[in-house]
Amino acid sequence: MRRRHLLASPALLLGGGAASQSWPDRPVRLIVPFGGGGPADAVARMAMEGASQALGQRITIENRPGAGAVVGTEAVFRAPADGATFLLATVSHVVSAGIIARLPYDPDKDFRGVALTGTVPLVVVVHPDNPARTFPELLARMREPGEHDYGTSGVGSAQHLGGALLGAMAGLRLNQVPYRGNPSALTDLAGGRLTFVMESTATTVPLVRAGTLKALAVTGPARSALLPDVPTVAESGVPGFEAYTWNAILARAGTPESAIRGMNAAVNAGLKSPTTGDRLRNAGIEVTDSMTPDMVDAFVAEQGAKWRPLLTAAGVRPE
């Protein structure tokens with residue numbers, strides 16, 4: 001009886017239509033275009049655990065890292081549009097066309113929004129010995145002559161975009177130093193070789209609490225529940241500033257609407273469950289549990305319109 005209830009739950013959430021009940025009719029997988037153990041992989045596994053419970057069928061996670069998320073994204077693009085394969089996308093999805101000259105797919109036309117698991121604000125962290133005690137003091141120091149380097153996990157990453165936006169809005173000359181991964185940037189920051197790093201709450205909060213790093217501001221539209229005493233960048237001298245990454249479930253264009261809406265219902269039902277929702281929030285994710293597929297499409301398009309011109313202005317050209 002319990003299994004029958006779980007299998008019906010996505011359809012019930014959509015009004016019990018017969019089209020929704022026809023999905024899934026085969027195993028379902030979510031391709032994560034990043035390596036295992038990273039932030040995106042962790043979010044995918046937590047979110048799909050809740051979705052699997054709501055669906056009554058296990059959703060398999062498959063990691064396909066490489067080429068700045070292109071390898072995994074192409075795998076979804078090449079897979080049949082039958083509702084069996086979905087993609088976990090981040091902000092890198094919408095800026096990839098401005099970085100890679102010959103993408104094997106069109107990130108705008110070849111994918112459809114399914115669900116948004118949440119947004120991930122970043123934290124501006126500095127070395128504990130940095131003389132700046134507040135973000136306005138850091139801004140003042142970065143307006144002085146000299147090199148002001150910030151570390152990122154690569155061109156087009158959320159850290160890169162956030163730093164570029166800060167430079168543009170605050171009138172700063174900042175130099176991006178790309179690393180192969182977030183840990184390397186934080187290591188150099190701890191070693192005093194960088195001015196600041198913008199990194200996710202999940203990664204920085206333990207280091208801030210341990211005194212390894214000092215948090216000066218968060219980049220989201222509101223303060224983080226994990227760091228309630230740390231102000232936002234917007235309330236600390238750069239009004240209107242807002243930068244974060246996000247995790248969205250996408251499908252190949254042409255995927256049946258029954259699969260799109262069935263997966264949307266399963267993901268949203270999982271996010272509403274206390275277990276999954278609390279785990280994500282404790283990891284620093286601002287959970288979004290009520291977006292429709294059309295709303296996800298609009299959100300992804302809005303993100304592309306925001307970040308692509310910034311990359312162009314920063315001098316990034318497709319290679």
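The values are calculated or read from the model by the stated rules, or taken from the named source; none is laboratory data. Keep in mind it's a predicted model, so treat the numbers as computed, not measured. Please note: Cβ atoms are built from the backbone with ideal geometry, for glycine as well, and neighbour counts cover all protein chains shown. The area values use the complete protein model at the heavy-atom level, side chains included, leaving out ligands, DNA and RNA. Shrake-Rupley method; radii C 1.70, N 1.55, O 1.52, S 1.80 Å.
Some points to look at:
- Test: residue in the range 51-69 that is touching a Ser or Thr at 6+ places or on another chain (Cβ under 8 Å), hydroxyl-bearing (S, T, Y), touching a residue at least 12 places away in the same chain (Cβ under 8 Å) and not in a helix (DSSP H, G or I): no
- All positions within the range 229-265 that are modelled with pLDDT of 95 or more and over 24 Å from V94 (Cβ atoms): D229, V230, P231, E235, S236, P239, P256, S258, G262, A265
- Test: residue in the range 208-223 that is open to solvent by 60 Å² or more (accessible area, probe 1.4 Å), touching an Asp or Glu at 6+ places or on another chain (Cβ under 7 Å) and either more than 19 Å from A42 (Cβ to Cβ) or hydroxyl-bearing (S, T, Y) (or both): yes
- Within the set F77, F86, the sole residue that is buried (at least 20 other Cβ atoms within 10 Å of the Cβ), not polar (S, T, N, Q) and not in a helix (DSSP H, G or I) turns out to be F86.
- Residues of the range 103-119 satisfying the condition of being in contact (Cβ under 8 Å) with a residue 12 or more places away in the chain and in a loop (DSSP other than H, G, I, E, B): L103, P104, Y105, P107, D108, K109, D110
- So L165, is it under 26 Å from the mean Cα position of the chain (by Cα) and open to solvent by 20 Å² or more (accessible area, probe 1.4 Å): yes
- Identity of the residue in the range 16-42, modelled with pLDDT under 50, closer than 18 Å to V114 by Cβ and not aliphatic (A, V, I, L, M), that ends up surrounded by the most Cβ atoms within 10 Å (Cβ to Cβ): S20
- Every residue from the range 173-193 that is in contact with a His (Cβ under 8 Å, 6 or more places away or on another chain) and open to solvent by less than 20 Å² (accessible area, probe 1.4 Å): L189
- Within the range 211-224, residues that are free of Cβ contacts under 8 Å to residues at least 40 places away in the same chain sit with their Cβ atoms under 8 Å from residues that are crowded, with 19+ Cβ neighbours inside 10 Å and part of a loop (DSSP other than H, G, I, E, B), at 6+ positions apart or across chains, in these pairs: R223/V230.
- Some residue of the range 111-134 being among the hydroxyl-bearing types (S, T, Y), open to solvent by less than 30 Å² (accessible area, probe 1.4 Å) and out of contact with any helix residue (DSSP H, G or I) (no Cβ under 9 Å at 6 or more places or on another chain): yes
- The residue list A265, A301 contains one member that is under 23 Å from A115 (Cα atoms) and in contact with a Leu (Cβ under 9 Å, 6 or more places away or on another chain), which is A265.
- If you go through the range 262-316 and keep only what is touching a residue at least 60 places away in the same chain (Cβ under 8 Å), not in a helix (DSSP H, G or I) and not acidic (D, E), you end up with S273, A283, G284, I285, V287, T288, M291, A314, V316.
- The single condition among (1) within 29 Å of L87 (Cβ to Cβ); (2) touching a residue at least 60 places away in the same chain (Cβ under 8 Å); (3) open to solvent by 10 Å² or more (accessible area, probe 1.4 Å); (4) in contact with a Pro (Cβ under 7 Å, 6 or more places away or on another chain) that G237 does not meet is (1).
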